[in-house]
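To keep things clear, I will list the structure first and then write my remarks on it.
The values are calculated or read from the model by the stated rules, or taken from the named source; none is laboratory data. All figures in this text were calculated on a predicted structure; none of them were measured in a lab. Quick reminder, even Gly has a Cβ in these numbers, built from the backbone with ideal geometry, and neighbours come from all protein chains shown. Surface areas here come from the heavy atoms of the whole protein model, side chains and all, with no ligands, DNA or RNA. Shrake-Rupley method; radii C 1.70, N 1.55, O 1.52, S 1.80 Å.
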Amino acid sequence: MQVIICPNEQRVGEIGAARVAQLAAKVGPAVVIGVATGSSPLATYAELAARVRAGSLDLSQASAFALDEYVGLPITHPESYFDTIRRTVTEPLGLDPAKVNVPDGREDGLETAGQRYEDAIKAAGGVDVQILGIGSNGHIGFNEPASSLSSRTRMKTLTQQTREDNARFFDSIDEVPRYCVTQGLGTILDARSAVLVAFGEGKAEAVAAMVEGPVTSMCPASVLQLHKTATIVIDEAAASGLKMADYFKECYENLPAWRKLDV
Ligand code: GLP
């Protein structure tokens with residue numbers, strides 16, 4: 001696990017995008033990108049969009065798979081992850097909407113939604129670069145604490161903590177859905193590389209548990225310790241609970257030339 005500590009949120013976006021671009025360029029224009037919702041990756045998406053506009057990143061044949069979706073919100077609802085991904089990823093990055101996939105959160109297809117999504121990821125050849133945020137309780141996607149570390153895409157029940165965290169996007173907490181369909185931790189581990197971005201004091205505890213705690217389903221993001229190529233890009237506030245912070249800074253400052261990021 002590579003941990004990069006940045007001075008501020010804007011730099012998290014720049015470094016996060018640089019790492020995603022570096023990994024995507026190795027695959028080529030038909031790269032398969034895993035995308036997350038939430039506020040954490042927004043600066044990363046903006047930086048990636050700037051690279052696409054400048055012609056330094058070619059995503060012309062790229063496809064994308066979102067991590068998760070609420071159950072029961074129509075896809076036209078502005079807070080559905082289908083619409084959120086359209087606004088924050090598909091349009092700014094100029095992706096072909098037909099190649100952007102979001103789990104199906106309709107109530108009438110829930111029994112098969114997980115397997116259908118797994119099949120679609122497989123048919124696309126698997127995810128090359130997975131972009132992730134982290135919930136304040138350590139979730140990735142919507143894999144809440146106590147999720148199986150080998151889980152696949154399936155329906156999950158949201159915790160009260162997550163519903164409270166996400167109530168800011170709705171008029172009241174009563175409008176926040178109770179259920180979701182999310183890629184599993186096993187699904188996320190299958191991505192060839194992962195880049196997790198986080199900033200702010202509110203993520204410090206979750207980040208410390210993810211990076212330095214035991215691998216445990218009680219901090220679902222800690223499963224990334226088992227990933228071959230995971231990069232964690234965080235600001236000083238999100239890094240404030242890390243015992244190894246100085247070591248991580250030393251490692252980044254002394255990266256070999258072939259690993260240095262184009263920022
Ligand atoms: C959401 C999403 C996650 C996201 C997390 C953090 O509920 N399901 O994919 O990473 O919570 O969100 P934010 O980045 O807004 O803090």
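A simple rule links phi to the HN-Hα coupling: the Karplus curve 6.51 cos²θ - 1.76 cosθ + 1.60 with θ = phi - 60°, which for segment 248-263 gives 4, 5, 4, 4, 5, 5, 10, 4, x, 3, 5, 9, 5, 8, 8, 10 Hz, with x for Gly and Pro. The spread of Cα positions in the chain, taken along each principal axis and listed from longest to shortest, comes to 53, 38, 33 Å. The amide H of V35, built 1.01 Å from its N in the peptide plane, has F65, A66, L67, I131 as neighbours under 5 Å, considering only residues 5 or more places off or on other chains.
Gain on full extension, evaluated as 0.36 nm per residue between D96 and Q61 minus their Cα-Cα distance, stands at 11.8 nm. Expressed to the nearest 5 percent, the antiparallel share of DSSP beta bridges inside segment 100-247 is 40 percent. GNM on the chain, alpha-carbon springs under 10 angstrom: the most fluctuating residue among A66, A167, A18 is A167. About its Cα centre, the dipole of segment 117-253 is roughly 520 debye, where the only charges are +1 on Lys and Arg Cβ and -1 on Asp and Glu Cβ.
Applying the Karplus relation 6.51 cos²θ - 1.76 cosθ + 1.60 with θ = phi - 60° to segment 114-119 yields 3J(HN,Hα) values of x, 5, 4, 5, 4, 5 Hz, where x marks Gly and Pro. Scanning residues 5 or more positions from L158 or on other chains, those with amide H under 5 Å from its amide H are Y179, C180, with H placed 1.01 Å from N in the peptide plane. Taking all protein chains into account, the per residue accessible area for the chain stands at 44 Å² (1.4 Å probe).
Where Lys and Arg each count +1 and Asp and Glu each count -1, what net charge lies around I134 among other residues with Cβ under 11 Å from its Cβ? With Lys, Arg at +1 and Asp, Glu at -1, the net is 0. Given a 1.4 Å probe and every protein chain left where it sits, what share in percent of the accessible area of segment 194-263 is carbon and sulfur? Here it works out to 56 percent. For V207, the shell of other residues with beta-carbons less than 13 Å away shows a net charge of -3, using +1 for Lys and Arg and -1 for Asp and Glu. Each part reduced to its alpha carbon centroid, segment 45-63 and segment 98-129 end up 24 Å apart. Taken along the Cα-to-beta-carbon direction at a fixed 7 Å, the label points for Y179 and T229 span 3.7 nm.
Placing a label point 7 Å from the Cα of N8 along the Cα-to-Cβ line, no residue of segment 133-156 has its backbone N under 11 Å from it.
The label-point distance for A50 and M244, in a model that sets each label 7 Å from Cα toward Cβ, rounds to 3.0 nm.
Report the residue, chosen from P214, P103, P41, that carries the largest GNM mean-square fluctuation when the chain is represented by alpha-carbon nodes joined by springs under 10 Å. Evaluated over the chain, the most mobile residue of the options is P214. Cross-linked pairs K203/K243; K26/K156; K122/K260; K122/K228; K156/K243; K99/K203: Cα-Cα separations exceed 24 Å for K26/K156; K122/K260; K156/K243; K99/K203.
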